[in-house]
Amino acid sequence: MNVAALLENRRDQWAELELFCDALEKRGKVSASMAANYQGSQGIARFSALYRSACADLALADAYQLPPATVTYLHRLIARSHNQLYRANRFEPARWVDMMFYDAPQQIFADPCVKIASIVFFGLFALAMYMGRNDVLFPGFVEAIIGSAGIEQMEESFEQPLSGSLNHYVPMAGFYIMHNTGIGLRCFVFGLLILPCLYVLSFNAIYLGAAFGYMARPDAVGGDNFFHFVTAHGPFELTAIALAGGAGLRLGVGFFRTCGLMRMESLRESAMRAVPIMAASAALFCMAAFTEGFLSPSPAPYIVKAAWAVLSSGLISFYFVVLGFPRDAFTRTPTANDGQPSPFGFEDPPELTGSGGPNDAA
Amino acid sequence: MQLDQTHVKVRLRTMAEIGDLALIMVRRYPAAILVGFATGAVFWALLDLLVLAWIPITESSYGLDDEEAVWEIIRYLAWMGLLVMLQAPVAGVLSTLYLGLAVFEQRPTWASVRTEAKRGFKRWFWKLGIVRFALPPVIFLACRWGQPASGFWDAFVPLVILLWVSLVRASSPFMPEILLLEQCPIRSKSPDVITASRRSKSLHGPMAGDLSGRFISVSCVLVILLFSIGYSLLWARGISFGRWDVMNLFVLLVIYPFSLWCVAGISVMVRILNYLDCRIRLEGWEVELAVRAEAMRQFGEEPLAVATEAAS
Amino acid sequence: MPSHSPLDTTIAVVTPENIAFDYQLAGPFRRMPAYLIDLLVRWAAIVILVVLAFFIGLLINIQTLGPFVIAGMFLTYFVISWFYGTVMETFFNGRTIGKWACGIRVIDVDGRPINGRRAFVRNLLRIVDLFPMAAPGIFVDSDIPPVFIIPTGLVGLIAMMSTKRLQRLGDLAAGTMVIIDQRSWRLPVAKVDDARVPALASFIPADYRISRSMARTLAVYAERRHYLTPARRREVARHLIIPLIDRFEFRSDIDPDLLMYALYYKTFLAESSAELPDLGSLAGYSPLRSSVAEVMVDEATDAEIPIAGVVE
């Protein structure tokens, strides 16, 4: 059989496949005007059959001695139908719930990067708070960190006792979500380069710590109002920043600590692992923003705010520790047989790292 | 040499694809840029600094902030930019030759590139260095060493040169490739010999409009790239040394020319790929390579070349 | 990548059907316009929503709804500026509005479609790829602290340059790549409309076997010959045809282009069992070099010896 006849035979099917692609690309589904056997499950079956036969044509192109332009055409046709056959999954809310309440706490509990970020953040925070509080031992520390203009502004804004109305709360909640979550996301993103992430994390820790320390001084103006303001949303917000830093570090560390994977493979792996942590962090940021918008500036008594702070800390601990405790820690108890190969067993084949040959190792 | 087994896939490309392919070539042949272009560029960069560096150095001794210094600095920046633009093709001779060989050979040797460059030295130096105005402005600036800025000599003259060179380059951009890779002689007594100007006419003539359009778009992208590289260098300096001031001898004498030359290197890369594309579009170069390779496969040594040699 | 595969902007993908096909990669020069369009769309969306919200607030009751409108604006800004790309790419199968306009698409490195998590990572990490941010303020006044607002994108550019799939850092972390989305592309089939071609093809000796590489060369030639001038076609075809004319013992004044085309016809289009095509007015002509002499000999022998059949 010569090529012309072969092409003539196959052309109809290719044209049909193109028709499918056109319809799918424009509307995402086959339009109602097309023939009945293109609709519904019949249509899907037809589309995949056409796709598979085009794939077969491409596989045999060399044997048929197809002209190069036809081969190019086939490459493009198959690429095009491939993109339509294997489509992106839409967002699935069920998966999100799973990610938030199963993946994220497990990941946070097990991840050393989160621990490092928390230690760095809370350690520096506590240290800066102590140094800011103690004016005798560390004179000028707060001024160096915040600047005298910053201190004045801070004192001014907390001079008056807290009061506000809904008109004030709602926009502020929106603003806090935008601003603080933005900082968290930025911190996560900079984690890819590690150092900027650590910088953002430590800067925030020291700045906030110094402000807390300064306000905790007995002679500070508006100190009471300040703590009145920050108590309620503190636990959420501080944890969220630490988590964002942890997620960022996970991303960057994956590039250097490969655990036997290829470097790019490892980076990809750790990026995927960092996403649940970041999602948890963003959720915490949002909750902090609502608290900060509604509860914190309200003239509610301090006891309510403190109770909310205790409650939120409890929730966070529950989330991290109870949901996050490794699930298989109880189910699998080591037995005496572990580690001793059974005489009737077989050896595991050595695991291959990466997908390729010796080139990949280089 | 297997003519159809080229190391750069020969096919029709769009402008964006040519840019992307240029980046891939930078990765595959870093030597062409790092060694080849740097060797050519260092000579010209030093020459430029020799005739121009006195401007910022004298001004910095008075302080770079006053009104008059600003004009002198602008004069320096303008001349430096113009000189690099003028000298980019002649500085890129070695990398052009290297890349031309790289299309057919996996790893061209620098020795062969050097001999090629030496063989055609008179030809390319005359056409690219003198006629295309790489050297004359340097001599001109050397004559004006130490003189204050003047409206005519430092604004009008460079502008005219810029316009003229842009026109010439936009209408016949592939002169370096014609001289270096096709090795056309500049002049010949016989009317049958394809001289550089005849070849240029036949190559550029049918695509004149297309080529000018490409020249403009490539120039725009290169200018953006220049800013991008310059900014990044300033940023790196600012981050590592905490110095953000721009009016500074280091910036003027090192960072500015360096980013100019980086962009010039990329321009050489893009030009040679554009040249290949132009030949494919106009002359079906990939067909010719395939046909010649097939002839060699069937009949041994290239039969036509043998036949013509025997006839002459 | 094996070092001998020719440089090109394509990447092979193996599908679940175990078929390898090529995707064309989109590099920075194709992706930048898409990004700029997206940026424009993003800001337009924000501005339109804000104006709309403002008018709605004005219409209903600024007193009670005003704060909600302001909060809504903050949230809109936040969501659009951070999650525009993520949502678009997940819902529209790897495309945003800018990508759709430029005909590109994001997919997994294995050729599978992108999912929400990957889209999230690659769109967030764009910030790093646009690094370092430039501060235009430093050119005006070196005293004010730098405000970094203009992205230079050099980090992403270098990342794309150094990966074989032209991935920026966000792509690397998410395991995605950007490909050129194939729109409809007509199947090129070279049709033969010249009656001389089948006639000439019938004279090609049956013992001449066309090799695989020869078939490919012929196909390349036939597909591209429409774009070339007749003179150029002859020039290209001569390389192969002149020795072939010798081999087939054809007359030397045969058009090389025509013979090339006839070979193509014989390889790809003619039925092997088909009868001789209707030659029409061409009947009686023969391209064979010896045919002229033979006819004369035939006539002479006819006259003398009556058994012409023996001669044949």
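The values are calculated or read from the model by the stated rules, or taken from the named source; none is laboratory data. Computed from a prediction, not measured in an experiment: that's the story for all the values here. Cβ atoms come from the backbone with ideal geometry, glycine included; neighbour counts cover every protein chain shown.
Some points to look at:
- Of all residues in region B:18-72 being aromatic (Phe, Trp, Tyr) and away from chain C (no Cβ under 14 Å), the one that is farthest from B:ILE272 (Cα to Cα): B:TYR62
- Evaluating C:ARG186 against the criteria (1) modelled with pLDDT under 85; (2) within 12 Å of chain A (Cβ to nearest Cβ); (3) part of a helix (DSSP H, G or I) leaves one unmet condition, (3).
- Residues in region A:159-175 that are at pLDDT 70 or above, more than 7 Å from chain C (Cβ to nearest Cβ) and within 11 Å of A:GLY293 (Cα to Cα): A:HIS168, A:TYR169, A:MET172.
- In region A:192-215, the residues that are under 14 Å from A:PHE141 (Cα atoms) form Cβ pairs under 7 Å with partners that are hydroxyl-bearing (Ser, Thr, Tyr), at six or more places apart or across chains, as follows: A:GLY213/A:TYR130.
- Test: A:ALA280 is at pLDDT 90 or above, in contact with a Gly (Cβ under 7 Å, 6 or more places away or on another chain) and either assigned by TED's automatic domain parsing to the domain that holds A:MET99 or not in a helix (DSSP H, G or I) (or both): no
- On the stretch given as region A:61-81, residues that are under 17 Å from C:VAL13 (Cβ atoms) and acidic (Asp, Glu) total 0.
- Checking A:ARG250 against (1) more than 30 Å from C:LEU172 (Cβ to Cβ); (2) charged (D, E, K, R); (3) modelled with pLDDT of 90 or more, the condition it does not meet: (1)
- Criterion applied to B:GLY129, B:GLY151 was being of a type outside the set (Val, Ile, Thr), out of contact with any Phe, Trp or Tyr (no Cβ under 7 Å at 6 or more places or on another chain) and surrounded by 14 or more Cβ atoms within 10 Å (Cβ to Cβ), and the one residue passing it is B:GLY129.
- Yes/no for C:ILE158 being at pLDDT 80 or above, more than 8 Å from every other protein chain (Cβ to nearest Cβ) and assigned to a loop (DSSP other than H, G, I, E, B): no
- Flag for A:MET287 being hydrophobic (A, V, I, L, M, F, W, C) and touching a residue at least 60 places away in the same chain (Cβ under 8 Å): no
- Checking the stated criteria, C:ARG95 turns out to be in the same structural domain as C:ARG126 (by TED's automatic domain parsing), outside any helix (DSSP H, G or I) and either at pLDDT 80 or above or surrounded by 16 or more Cβ atoms within 10 Å (Cβ to Cβ) (or both).
For (1) surrounded by fewer than 21 Cβ atoms within 10 Å (Cβ to Cβ); (2) assigned to a loop (DSSP other than H, G, I, E, B); (3) assigned by TED's automatic domain parsing to the domain that holds A:LEU238, each residue gets a yes or a no:
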{"position": "A:LEU137", "(1), (2), (3)": "yes, yes, yes"}
{"position": "A:ALA144", "(1), (2), (3)": "yes, no, yes"}
{"position": "A:ALA149", "(1), (2), (3)": "yes, no, yes"}
{"position": "A:GLU159", "(1), (2), (3)": "yes, yes, yes"}
{"position": "A:VAL170", "(1), (2), (3)": "no, no, yes"}
{"position": "A:PHE175", "(1), (2), (3)": "yes, no, yes"}
{"position": "A:ILE183", "(1), (2), (3)": "yes, no, yes"}
{"position": "A:TYR199", "(1), (2), (3)": "yes, no, yes"}
{"position": "A:ALA210", "(1), (2), (3)": "no, no, yes"}
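- Count of region A:254-271 residues which are over 19 Å from C:PHE120 (Cβ atoms) and buried (at least 20 other Cβ atoms within 10 Å of the Cβ): 0
- Enumerated helices (runs of 4 or more DSSP H) restricted to region C:196-271, each holding at least 3 residues that are away from chain A (no Cβ under 14 Å): C:196-201, C:230-248, C:256-264
- Here A:MET154 meets each of (1) within 14 Å of chain C (Cβ to nearest Cβ); (2) at pLDDT below 85 with one exception, condition (1).
- Residues (within 28 Å of B:ASP4 (Cβ to Cβ), of a type outside the set (Val, Ile, Thr) and more than 14 Å from chain B (Cβ to nearest Cβ)) located in region C:5-55: C:ALA20, C:PHE21
- Enumeration of residues in region B:49-86 that are under 26 Å from the mean Cα position of the chain (by Cα) and at positive phi: none
- Test: residue in region A:339-349 that is among the polar types (S, T, N, Q), in the same structural domain as A:HIS233 (by TED's automatic domain parsing), modelled with pLDDT under 85 and over 13 Å from A:PHE236 (Cβ atoms): no
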